[in-house]
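Notes to accompany the following structure.
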Amino acid sequence: MPEYRAYIVGSNGHIRRRIDFLREEDDGAKAYAKQLVNGHDVEVWQGGRRVAAFEHRLEKVNSSITREVHRGQMIPKLAK
């Protein structure tokens, strides 16, 4: 069974962690690694071959809510 490595990549582009795992094929390795995306990018490698890369995406903020400063505090406010 082929050995794969998932690299958890920090926002600075440096590897934060490596996870070694076994899977029958690339599709299984991709499915496993995709689950690891949690605020960080993940790259999947098998030896010197890059199999896949997954980028985390920030959740889109609801644009109908804004904030204003009132007496030194941030107050949520519905956008017009």
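Here, each number is a calculation from the coordinates, and none is a lab measurement. These numbers were taken from a predicted model, which means no experiment stands behind them. Quick reminder, even Gly has a Cβ in these numbers, built from the backbone with ideal geometry, and neighbours come from all protein chains shown.
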Provide the per-residue ³J(HN,Hα) series for the stretch 24-35, in order, calculated from phi with Karplus coefficients 6.51, -1.76, 1.60 and θ = phi - 60°, each as a whole number of Hz, with x at glycine and proline positions. 5, 8, 4, 4, x, 5, 5, 4, 5, 5, 4, 5
Across the Cα atoms of the stretch 20-61, what radius of gyration and what greatest pairwise Cα-Cα distance (Dmax) are found, in Å? 11.4, 39
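Sorted from fewest to most neighbouring beta carbons within 10 Å, what does the list H40, H14 look like?
So the ranking, lowest neighbour count to highest, is H14, H40.
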Other residues with Cβ under 14 Å from the Cβ of E24 give, with Lys and Arg +1 and Asp and Glu -1, a net charge of -2
How much length, in nm to one decimal, is gained on full extension between R17 and E3, taken as 0.36 nm per residue of separation minus their Cα-Cα distance? 3.4 nm
Whole-Hz ³J(HN,Hα) from phi, Karplus 6.51 cos²θ - 1.76 cosθ + 1.60, for the stretch 9-19, glycine and proline x: 10, x, 5, 8, x, 8, 6, 9, 7, 10, 10
